[in-house]
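A.B. asks: Please see the structure below; I have some questions.
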Amino acid sequence: MQAKKEKTNAKRFLDAYNNIDYALKTRYNISRATGFSDLVRKSVAVNYIVRKYQDELIDYGRLRNSIIHNNNEDFIIAEPHIEVVKNIEHIEKLLTTPPKVIETVARRDVLITYAGKSMREVIMLMASSNFSNIPVYKDNQLIGVANGQKILNSMGQFLIAGGKCSAFLDNVQIEDMLSTLENSNYYVVKPENCTIEEALAEFDKNHKLLAILFTKNGNSNELPIGIMTGANVVEAQKILEDY
């Protein structure tokens, strides 16, 4: 039986390049006639991985034109260095089979609370669980995320206005506090197949974001099956580097 012929560096490079080109054009519905450099520039705004590796990808577009002759991939005129091949294959893997948040950095034991709970109950729940971001539901509908720092700020404002600490703890419900915030800026809901790249893009474009909740279909009337907070960003970036 004849041994399988090992791919050359050029063939490996071109395969990865073509897979990246196809993946980005398909995902973002970009014309097949779009050149690779323009494709990269168009994808930068919507893809964290492309944004991170933008310069390398544009360089690889130029390198691809130096490897082949007259756009004929059967006529190779140069062989790329193995480190270049490994790097473009790494980028290809990130773009074509990216790791999912729910399988990596997301916390799966999501603690929730309900709209009618007093601030005392919510604070005690945070203290006993050591979770600083807790989703709040009302009639099976997500209405926001209770955050320890936001609760502290709200309590401070309540006291400055002349209120009593006991009144804040026992008479104010978590729903009341959330209604005073632009709460939708602080969380988003994504489906269970959300990738690390997509999650990092959310944190990158919204610096106020505290948490991403993951439900089966990404709907706010579903209970969460995972949560990612700003504290997980560095870990998520490390996973992409090592992936």
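The values are calculated or read from the model by the stated rules, or taken from the named source; none is laboratory data. If you're wondering where the values come from, they're calculated on a predicted model, not measured in any experiment. Every residue, glycine as well, gets a Cβ built from its backbone with ideal geometry; the counts of neighbours run over all protein chains shown.
A.B. asks: Out of curiosity, is V110 assigned to a loop (DSSP other than H, G, I, E, B) and buried (at least 16 other Cβ atoms within 10 Å of the Cβ)?
C.D. replies: For V110, the condition - assigned to a loop (DSSP other than H, G, I, E, B) and buried (at least 16 other Cβ atoms within 10 Å of the Cβ) - is met.
A.B. asks: Considering only residues that are surrounded by fewer than 12 Cβ atoms within 10 Å (Cβ to Cβ) and not aliphatic (A, V, I, L, M), look in segment 143-156 and name the one that is nearest to the chain's Cα centre (by Cα). Steps first, answer last, please.
C.D. replies: Pass one, segment 143-156, residues surrounded by fewer than 12 Cβ atoms within 10 Å (Cβ to Cβ): 149, 152, 156.
Still in the list and also not aliphatic (A, V, I, L, M): 149, 156.
Details: Q149: 23, G156: 32 Å.
Once the filter is applied, the top-ranked residue is Q149.
A.B. asks: Here's a follow-up. Kindly indicate which of N71, N18, N65 is at positive phi, outside the structural domain of E198 (by TED's automatic domain parsing) and of a type outside the set (A, V, I, L, M).
C.D. replies: Working: N18 fails: at positive phi; N65 fails: at positive phi.
Testing whether each residue is at positive phi, outside the structural domain of E198 (by TED's automatic domain parsing) and of a type outside the set (A, V, I, L, M) leaves just N71.
A.B. asks: If a residue has to be touching a strand residue (DSSP E or B) at 6+ places or on another chain (Cβ under 9 Å) and more than 22 Å from I225 (Cα to Cα) to count, how many in segment 179-208 make the cut?
C.D. replies: Looking only at that region, the number is 3.
A.B. asks: From the list I123, I88, which residue is assigned by TED's automatic domain parsing to the domain that holds F13 and crowded, with 17+ Cβ neighbours inside 10 Å?
C.D. replies: Values: I123 fails: assigned by TED's automatic domain parsing to the domain that holds F13.
One residue alone meets the criteria, I88.
A.B. asks: Same structure again: Only helices (runs of 4 or more DSSP H) wholly contained in segment 130-192 count here; list those with 1 or more residues that are at positive phi. Explain how you work it out, then say what you get.
C.D. replies: Values: elements: 148-160, 165-171, 174-179.
Result: empty, no element qualifies.
A.B. asks: Before we move on, is D21 of a type outside the set (G, A, S) and farther than 20 Å from P98 by Cβ?
C.D. replies: Answer is no for this residue.
A.B. asks: Next question. Which residue pairs have Cβ atoms closer than 8 Å, lie 6 or more positions apart in sequence or on different chains, and pair a first residue in segment 94-122 that is closer than 15 Å to N133 by Cα with a second residue that is aromatic (F, W, Y)?
C.D. replies: Sorted first by the residue in segment 94-122, then by its partner, the pairs are A106/F214; L111/F131; I112/Y137; T113/Y137; Y114/Y137; A115/Y137; M119/F168.
A.B. asks: Exactly one of (1) closer than 22 Å to F203 by Cβ; (2) part of a helix (DSSP H, G or I); (3) modelled with pLDDT under 95 is unmet by I91. Its number?
C.D. replies: Among (1) closer than 22 Å to F203 by Cβ; (2) part of a helix (DSSP H, G or I); (3) modelled with pLDDT under 95, the lone unmet condition for I91 is (3).
A.B. asks: Those residues that are surrounded by fewer than 11 Cβ atoms within 10 Å (Cβ to Cβ) and closer than 28 Å to E202 by Cβ, I need them from segment 47-84; list them, please.
C.D. replies: Residue satisfying the conditions is D55 alone.
A.B. asks: Also: Considering only segment 158-200, how many residues are among the polar types (S, T, N, Q) and loosely packed, with under 13 Cβ neighbours inside 10 Å? Before the answer, list the steps.
C.D. replies: The initial filter retains those residues of segment 158-200 that are among the polar types (S, T, N, Q), namely 166, 171, 173, 179-180, 183-185, 193, 195.
From the residues that got through so far, the ones that are loosely packed, with under 13 Cβ neighbours inside 10 Å too are 166, 179-180, 184-185.
Going through segment 158-200 one residue at a time, the tally reaches 5.
A.B. asks: Is it fair to say I49 is more than 22 Å from Y243 (Cα to Cα) and of a type in the set (V, I, T)?
C.D. replies: Values: more than 22 Å from Y243 (Cα to Cα): no; of a type in the set (V, I, T): yes.
Against the criterion (more than 22 Å from Y243 (Cα to Cα) and of a type in the set (V, I, T)), I49 does not qualify.
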